[in-house]
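Beneath this line is the structure, given in structure tokens, with notes to follow.
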Amino acid sequence: MIMPLFLNVLLSVIVAVSWASKDTHEYPYTDFQNPNVAYKMYWRDSQNIISDLSSFQSLSVKYHSCVYSEYFDGGEENYGYGDESDYWYLGLPMSYKANVAFSLYGTLKESKTQGGTCDKTTYINSFFTIGGVETIAYPLGIDTTYANSYCVEEEEEDSKDRDLRRARQLSEDEESEDEEDYSTSTALGCNATAHFVLDQFQGEYCNTMNYLNTTDDLQEFNVAMQDIDCETVYDASTDVGDDDGYVPPVYSLLSASRACSLRMYPGICPDEHGLLTLYTNNLEEALYMARQGQYYEFALAEEFQAIPFKNVFSFCFVILGLCMMNYSYSNYKHLVRRNGGETPVLKYKLSIWRKRDDWKISM
């Protein structure tokens, strides 16, 4: 009875430890666990992947579209962060800019799947960059000279732009022309077909409320982005950090990306294989059960049956081996007790020695 209990506890501990790093989010329910961590290729967010990067043989990205979403330029003062002593940040609006929607694929080191494969079996999760288009363009060597996240104030204003601006001001009953702001600025944006474009705005701050027109459809840049179709961004055999300070580019990509939500961005958050819908529904159902007092064990037990084991026979073979070991150990203990505490092998040797000594005496 002790051995089976020990095996169960050992397996539970191994599973819990291996799953813990796949979702480190703090949920409002005690001992709650995301049921999706049971899936082999699921990681909740980019930070979890960075923590488990040593488990991957390769990582690949697939570009999907331009998306207007939250932007974080690296400074906490620009992202609404603060503590109880920082009163200035209260009410600070979130900054939104043109970002990249992409899906992430990977192969594990123990997997036999070839690296650079982007299909349902290697899908991990879907993400939005939070550092603009440069987040994914830099690691892949795409030129962002004319397509970046900077707001650029223009020096002059041509007659066409001036007419557009004045027409806009007249329709909004602006003040007199003497008090008008004649400056314009340009920034990267997303058009109705989710492609990158260069937009022009009245004023120097690229305020979307003061949009004037689109000055460039950035055809070459969009073609370069669409060519990101299962591009490898990490290879464990080559992307290894060293003492000279080299850091694999995948770190900057994942650090400036966050998992996107189907509920917040329906139809925009990439879900090419339908797995993100499955993950979202699983988590929502488990959280609902937790609110009802039915904690994650029940939800996880149901989802555990859906774990996509790549080789079911290997898994069954391991379980069979553990059962045989347990059976052999139980029989061994039974034989020891029956032999008065002596092991069967030792008792057999003693019987041979006694027979040999009796034969010598008789001679």
Item to complete: Collect residues whose amide H, placed 1.01 Å from N in the peptide plane, falls under 5 Å from the amide H of S65; neighbours closer than 5 in sequence don't count.
Response: A101
Worksheet item: Taking the Cα-to-Cβ direction at D217 and at A194 and moving 7 Å from each Cα, how far apart do the two end points lie in nm?
Response: 1.9
Practice prompt. Note down the nm distance, to one decimal, between modelled labels 7 Å out along Cα→Cβ at T121 and at V152.
Written response: 4.6
Worksheet item: Using 0.36 nm per residue, how much length does the chain from T280 to M264 gain when fully extended, once their Cα-Cα distance is taken away?
Response: 4.6 nm
Fill in: Residue-count net charge about Q226 - beta-carbon cut-off 14 Å; Lys, Arg +1, Asp, Glu -1
-4
Worksheet entry | Solvent-accessible area, 1.4 Å probe, carbon plus sulfur percent, for region 111-152 | 52
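Run the accessible area of region 224-283 with a 1.4 Å probe and give the carbon-and-sulfur part as a rounded percent.
Answer for region 224-283: carbon and sulfur cover 50 percent of the accessible area.
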Response to the item:
Expressed in square angstrom to the nearest 10, the accessible area of Y246 with a 1.4 Å probe stands at 100
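The values are calculated or read from the model by the stated rules, or taken from the named source; none is laboratory data. Model, not experiment: these values are computed from the prediction. In this analysis, Cβ positions are derived from the backbone assuming ideal geometry, glycine residues included, and neighbour counts consider all displayed protein chains. Side chains are part of the model used for accessible areas, which takes the heavy atoms of the whole protein and leaves out ligands, DNA and RNA. Shrake-Rupley method; radii C 1.70, N 1.55, O 1.52, S 1.80 Å.
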